[in-house]
1. Taking only the alpha carbons of the stretch A:17-159, what extent do you get along each of the three principal axes, in Å, biggest first?
2. Can you pull the one-decimal nm distance between simple spin-label points at B:Cys158 and B:Arg143, each 7 Å off the Cα toward Cβ?
3. Among B:Ala96, A:Thr4, B:Val5, which residue has its Cα furthest toward the positive end of the charge dipole of the protein assembly as shown, with +1 on Lys/Arg Cβ and -1 on Asp/Glu Cβ?
4. Over all pairs of distinct alpha carbons, what does the Kirkwood formula give as the hydrodynamic radius of the stretch A:88-155, in Å?
5. Want the number for A:Asn55 to A:Arg137: 0.36 nm per residue separation, take away the alpha-carbon distance, what's left?
6. Ranked highest first by average number of other Cβ atoms within 10 Å, how do B:120-127, A:100-107, B:32-39 line up?
7. So what is the relative contact order for the stretch A:88-155, in percent, with contacts set as C-alpha pairs under 8 Å and at least six apart?
8. For chain A, what relative contact order do you get, as a whole percent, if you take Cα pairs closer than 8 Å and at least 6 residues apart?
Amino acid sequence: MAKTHVTTSINGEPQEFLCEPGDTLLDVLRNDLNMTGTKEGCGSGDCGACSVTLNGRLVCSCLVLGVEVEGAEVGTIEGVSSGDGLHVIQEKFLEHAALQCGICTPGIIVSTKALLEENPNPTEEEARYYLAGNLCRCTGYDKIIRAVMDSAETLRGGA
Amino acid sequence: MVSVVYEAPDSIDGAISLLANADVPAKVLAGGTDLIIQTNGSADVSRLFVDVKKIAGMLDANLSAEGLDLGPSMSCAEFTAREDIKKVFPGLVEAAYLIGSTQVQGRASIGGNLCNSSPAADTIPALLVNGAQCVIAGPGGERSVAAEDFMTGVGRNCMEKGELLKTIHLPTPAANTSDAYLRFIPRTEMDIAVAGAGVSLTLDDSGTCIAAKVAIGAVAPTALLVSAAADALIGTKLDDDALQAAADAASAASSPISDRRGTAGYRKQIVGVLVKRAAKIAATRAKGN
Ligand SMILES: Cc1cc2nc3c(=O)[nH]c(=O)nc-3n(C[C@H](O)[C@H](O)[C@H](O)COP(=O)(O)OP(=O)(O)OC[C@H]3O[C@@H](n4cnc5c(N)ncnc54)[C@H](O)[C@@H]3O)c2cc1C
Ligand code: FES
Ligand code: FES
């Protein structure tokens, strides 16, 4: 089967790749582009470890085909911080110890960024609903939510 | 692994000809939140995916005096953000908002929910109570099918080879009409309905119900319109007796299975409770319209 040539933009940079039409965006990111920050938990849309943005919308990269991102804008965990430093959300996750094994963390940070862009001042309930598709088997969520709420406050103050 | 051939035509005719002439199983690809998972688990050697999201109109929703013309592949995220639609069809919007997570809603479409034709699909009862018409395009031209006639069984519908869903049309509701959808799941998010109920009501100035539709989901092979439940509400002021009669009619019309989400008896009972509660919400909304 001939591979398909795809031209897209990832984290603001033009990017080209070849993939099988049945490969998911998650497969392409991890296996072809060596962008392994995006994780695979379930491969079926349930866990959110593979969260990325597609044209600004939060999606599961395991439920998007690589060929579907032709001409699109993809945002991954690798693009969350600009430059060498960490993004505020990343700093807050460290500060609040909002991770243990860390496999869920890139997805949760990408989702948190999308949440705060949509709603800079979420209630805790809104944050919990927005992030309900991001599962964490380690932390029990409390520290994650504290990190999210603190990120929101810090980003509002800094804006 | 299934070998996939991917095509993304830019016209309905292009999509029809790809679907009609395919010599391997051919599937329309909308958000892919059902299809990609089903393909991973499929025994097919090869599949054609016809991505319809590049076709003009498939991702648009147009609200006019005639009603809502919904491009079936618009994502639920985009749909639920439409305040104009939410004012007219709050129940359909809340059903779309229940599908999966934020991430799943970023891709999942109402057309995909309908065409996947799961008994538990959340938007289908809300489409039924709003009198949705499915505009289907195929090699023989276009035809329009009422949503209640669209599904023919678990995961099955009336579309033939070469056909695709082009538009979902919802007529403008009468004055003082509104809708609501409720489902029951064991957790607060990210689960499949154990039972679901959609209700649309029209009230007159005195608060008497003059028209009603009631639909139930996840309690039969397809979502069902229950006219006996609607009849129990029409002509009443939605007092407790009327609501109970509607609930009983919905329970009686259901034929649920027992599985790990709930027993048949439990489902039969709670689908009635959901009908009562959804009717109260729809009535409150109809008074505000
Ligand atoms: C984690 C997760 C949670 C979920 N939770 C829910 C839930 O709570 N409630 C619920 O109802 N569903 C749920 N779903 C199922 C799914 O997201 C929905 O059914 C969704 O609406 C499907 O839309 P889609 O655009 O992704 O469809 P696709 O996967 O693209 O398509 C689904 C089917 O419909 C066909 N199809 C799609 N569009 C057309 C068209 N225009 N013409 C002809 N055929 C078409 C496809 O060929 C395929 O057979 C969940 C899925 C996941 C992964
Ligand atoms: S890997 Fe995509 S949601 Fe779990
Ligand atoms: S830190 Fe281990 S899954 Fe979240």
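What follows draws every value from the coordinates through simple rules; no lab data is involved. Everything numeric in this text was worked out from a predicted model, so none of it was measured. Neighbour counts are summed over all protein chains in view; Cβ atoms, including those assigned to glycine, are modelled from backbone coordinates with ideal geometry.
1. Sorted from largest, the Cα extents of the stretch A:17-159 read 44, 31, 27 Å.
2. The two pseudo-label positions are separated by 0.7 nm.
3. Going by the Cα projections, it comes out as B:Ala96.
4. Averaging 1/r across every pair of different Cα atoms and inverting gives 11.5 Å.
5. My answer for the length gained is 26.6 nm.
6. Per-residue mean Cβ counts within 10 Å order the peptides as B:120-127, B:32-39, A:100-107.
7. Reported as a whole number, the value is 54 percent.
8. 23 percent
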